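Contents: one structure, followed by commentary.
Throughout, read-outs are computed from the coordinates displayed, never taken from laboratory work. Just so we're clear, the structure is a prediction, and the values are computed from it rather than from any experiment. Positions of Cβ are backbone-derived with ideal geometry, glycine not excepted, and every protein chain shown enters the neighbour counts.
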Amino acid sequence: MTDQVSQESSTGAGAPSRRSVLGWGGAGLAIGAAAAGGTVAALGGGSDMAPAASAGAAVPFHGEHQSGIASAVQDRLHFAAFDVKTKNRDELVRLLKEWTAAARLMTAGLPVGDAYEGLPEAPPTDTGEALGLKPSRLTLTIGFGPGLFAKDRFGLEGKRPEALVDLEAFPGDNLDQARSGGDLCVQACADDPQVAVHAIRQLARIGFGKVAVRWSQLGFGKTSSTTPDAQTPRNMMGFKDGTRNVSGTDTAALDKHVWVGANDGSAWLTGGSYLVARRIRMHIETWDRTSLQEQEDVFGRDKGEGAPVGKSKERDEPFLKAMKPQAHVRLAHPDSNDGATILRRGYSFTDGTDGLGRLDAGLFFLAYQRDVRKGFIPIQRQLAKNDALNEYIQHVGSAVFAVPPGVRDKDDWWGRTLFA
Ligand SMILES: C=CC1=C(C)c2cc3[nH]c(cc4nc(cc5[nH]c(cc1n2)c(C)c5CCC(=O)O)C(CCC(=O)O)=C4C)c(C)c3C=C
Ligand SMILES: [Fe+2]
């Protein structure tokens, strides 16, 4: 998988005329054309809509693993959790196929339908706000929540992976059910927020009547990186975040800690992963009145360089015993959790103020792992009990999803290994 990072390239070629994209009803044709060439670059034939697809990077949609996990982290996020409303398995499968086709187009920088040249009597089949925008490294990553596997629903009860556990209530949790759970999720990441928002909007529109958005989260300023050579981003507390993350090119670590293996008990999920999403509110105003020394003690790293206590460089190996016993980094480190290791891919959020004049801001924490019981859960048990950071944060939303493997080619679709 190496190559989701290195495969990122400019599409660099023309795009089909808008007239060749026949609206959603005719999108199969456009998709077929795109798929035949593999990527938008193969479509050729520059035209009036070329700006949407001709420049900027597109991340390949097809692959062994879904992109948006090990691939390089983009600047913006729109994450949506959906409730499935239809009771009909075939209708759900049809929707997943339509979503896959739409995702294939959008990640290549193409509209999913006709924004303004279709039938005047019908609603446009693409809402249009991404016309003229670059692919912006858009990735769309789907996940399946526990509810999908419920008894007497879609006949999937025997396929629920053991590792897809309902998360326990951790000490200090203050979860809002309206911001938690979901039967399906789609993580849209892009370097342009409008591209990410457009993508989720098209999927919601296509799914109208079959699925409904349960909750969604916008994110900015990635708080983790899968590219260790790049500058580590900073979170809303001002600290470098993502220094010691699983690298997107470290195939050994990805196989060990992120990708579900063939012998892990759920054959359909081989090459997939598990995602834990947590909306974590930060008590920003309290943090901003906290001394620099205390802030650095809380994390066990310094604020400027991001070096662990007693060391001078960000990438120096942490010496855990030099940190305060309740330092976040000391408690989250694999050595404090029986080796538990997760790939973090979170984003900052600021959703205005809370009515009391306080910023409603924090970290939308996203973590991928091979087994939630050996990844997020042991680390969070440790953090929830002891972390000095708890004085300044609160977990207010939570969800867990099984993330299927990648879509292999033009005939494949999101969920085939589960439903077929
Ligand atoms: C259950 C897992 C984790 C939660 C929840 C979590 C919340 C959280 N973290 C920060 C800021 C930082 N975290 C850092 C390191 C770090 N955090 C986790 C796990 C969770 N964090 C891990 C596994 C690690 C790496 C530990 C290691 O191996 O050294 C850091 C330090 C820089 C880095 O390595 O990324 C910061 C800063 C916040 C603000 C937060 C909740 C709001
Ligand atoms: Fe952390």
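In debye, nearest 20: dipole of region 312-420 around its Cα centre with unit charges on the Cβ of K, R (+) and D, E (-)? Please list the in-between numbers first.
Working: 16 positive and 14 negative charges, 62 e Å.
So the magnitude is around 300 debye.
Simple spin-label model, 7 Å along Cα-to-Cβ: Glu168 to Lys321 in nm?
2.9 nm
Given all pairs of different Cα atoms, what value in angstroms does the Kirkwood hydrodynamic radius of region 304-420 take? Walk me through the numbers on the way to the answer.
Working: mean 1/r = 0.0578 Å⁻¹.
Evaluated on region 304-420, it is 17.3 Å.
Full extension from Ala150 to Phe208: what is 0.36 nm times the residue separation minus their Cα-Cα distance, to one decimal in nm? Walk me through the intermediate numbers first.
Numbers: separation 58, 0.36 × 58 = 20.88 nm, distance 2.21 nm.
Full extension from Ala150 to Phe208 adds 18.7 nm.
Does a label point 7 Å from the Cα of Arg358, set along Cα-to-beta-carbon, have any residues of region 275-310 with amide nitrogen under 13 Å, and which are they?
281-289
Hey, what D do you get for region 56-141 in µm²/s if you plug the Kirkwood alpha-carbon radius into Stokes-Einstein at 37 °C and 0.692 mPa s?
Details: Rh = 14.8 Å.
Stokes-Einstein gives a translational diffusion coefficient of 222 µm²/s.
Under a point spin-label approximation (7 Å from Cα along Cα-to-Cβ), what is the Ala253-Glu117 distance to one decimal in nm?
Distance between label points: 4.7 nm.
Please check: in the Gaussian network model of the chain (C-alpha springs, under 10 Å), which one of Asp335, Asp173, Asp354 has the largest mean-square fluctuation.
Comparing Asp335, Asp173, Asp354 in a Gaussian network model of the chain, the most mobile one is Asp354.
Round to a whole angstrom and tell me the spacing of the C-alpha centers of region 227-283 and region 191-215.
Taking the Cα centre of region 191-215 as reference, the centre of region 227-283 is 24 Å away.
Could you give the alpha-carbon Rg of region 101-140 over 2.2 N^0.38 Å, rounded to two decimals? Spell out each step's value before the answer.
Numbers: Rg = 10.8 Å, N = 40, 2.2 N^0.38 = 8.9 Å.
Compactness ratio reported: 1.20.
Can you give the extra length, in nm with one decimal, that the chain gains between Ala267 and Asp191 once fully stretched, where that is 0.36 nm per residue apart less the Cα-Cα distance? Walk me through the numbers on the way to the answer.
Numbers: separation 76, 0.36 × 76 = 27.36 nm, distance 3.37 nm.
Gain on extension, Ala267 to Asp191, equals 24.0 nm.
When a footprinting reagent is the concern and you count Cβ atoms within 10 Å, what order do Phe319, Phe299 take, fewest first? Let's see the in-between values first.
On the way: Phe319 13, Phe299 26.
The fewest-first ordering by Cβ neighbours comes to Phe319, Phe299.
Using only the alpha carbons of the chain, determine the length spanned along each of the three principal axes and report them from longest to shortest in whole angstroms.
That gives 65, 47, 46 Å along the principal axes, largest extent first.
In whole Hz and in residue order, list the ³J(HN,Hα) couplings for region 348-357 that follow from phi through the Karplus curve 6.51 cos²θ - 1.76 cosθ + 1.60, θ = phi - 60°; x for Gly and Pro.
Using θ = phi - 60°, the values come out as 6, 9, 9, 10, x, 10, 9, x, 10, x Hz.
Considering only C-alpha atoms, what is the centroid distance from region 290-310 to region 103-175, in Å?
Cα centroid to Cα centroid, the span is 38 Å.
Please report, in whole Å, how far the alpha carbons of region 231-385 spread along each principal axis, starting with the longest.
51, 41, 31
Please name which of Pro120, Val186, Ala252 has its Cα lying farthest along the dipole of region 119-265 towards the positive end, using unit charges on Cβ (Lys, Arg +1; Asp, Glu -1) and the Cα centre as origin.
Value: Pro120.
Which residue fluctuates the most in the chain, going by a Gaussian network model with Cα springs under 10 Å, if the choices are Gly261, Gly181, Gly113?
Greatest mean-square fluctuation among the candidates belongs to Gly261.
How would Arg179, Arg89 line up from fewest to most surrounding beta-carbon atoms within 10 angstrom? Mind showing how you got there, number by number?
Values: Arg179 18, Arg89 13.
Lowest to highest Cβ neighbour count: Arg89, Arg179.
Which of Ala253, Ala196, Ala188 ends up with the largest GNM mean-square fluctuation for the chain, with Cα atoms connected below 10 Å?
Ala253
If you put +1 on each Lys and Arg Cβ and -1 on each Asp and Glu Cβ, how big is the dipole of region 116-247 around its Cα centre, in Debye rounded to 20?
Values: 15 positive and 16 negative charges, 39 e Å.
That gives a dipole near 180 debye.
Could you give me the radius of gyration and the Dmax of region 148-255, taking only the C-alpha atoms into account and expressing both in angstrom?
Answer for region 148-255, Rg first and Dmax second: 17.8, 49 Å.
As a check on your grasp of the helix formula, calculate [θ] at 222 nm for the chain: sum -39500 (n - 2.57) over DSSP H runs of n ≥ 4, divide by the residue count, round to the nearest 500.
On the way: 11 runs with 94 residues, N = 420.
About -6000 deg cm²/dmol.
Could you size up the charge dipole of the chain around its Cα centre, putting +1 on the beta carbon of Lys and Arg and -1 on that of Asp and Glu, and report it in debye to the nearest 20? Numbers along the way, then the final one.
Numbers: 48 positive and 50 negative charges, 91 e Å.
So the magnitude is around 440 debye.
Along each of its three principal axes, how wide is the spread of alpha-carbon positions in region 171-220, in whole angstrom units, largest first?
Principal-axis extents of the Cα atoms in region 171-220, largest first: 37, 30, 12 Å.
Can you tell me the 0 to 90 degree angle between the C-alpha axis of helix 376-386 and the longest principal axis of the chain, rounded to 10?
30 degrees
First check a/c for region 96-222, with a ≥ b ≥ c the square roots of the eigenvalues of its C-alpha gyration tensor; if it is under 1.5, answer rounded, and if not, answer prolate when a/b is larger than b/c or oblate otherwise. List each step's numbers first, then the result.
Numbers: a/c = 2.29, a/b = 1.61, b/c = 1.42.
It is prolate, given that a/c is not under 1.5 and a/b is the larger ratio.
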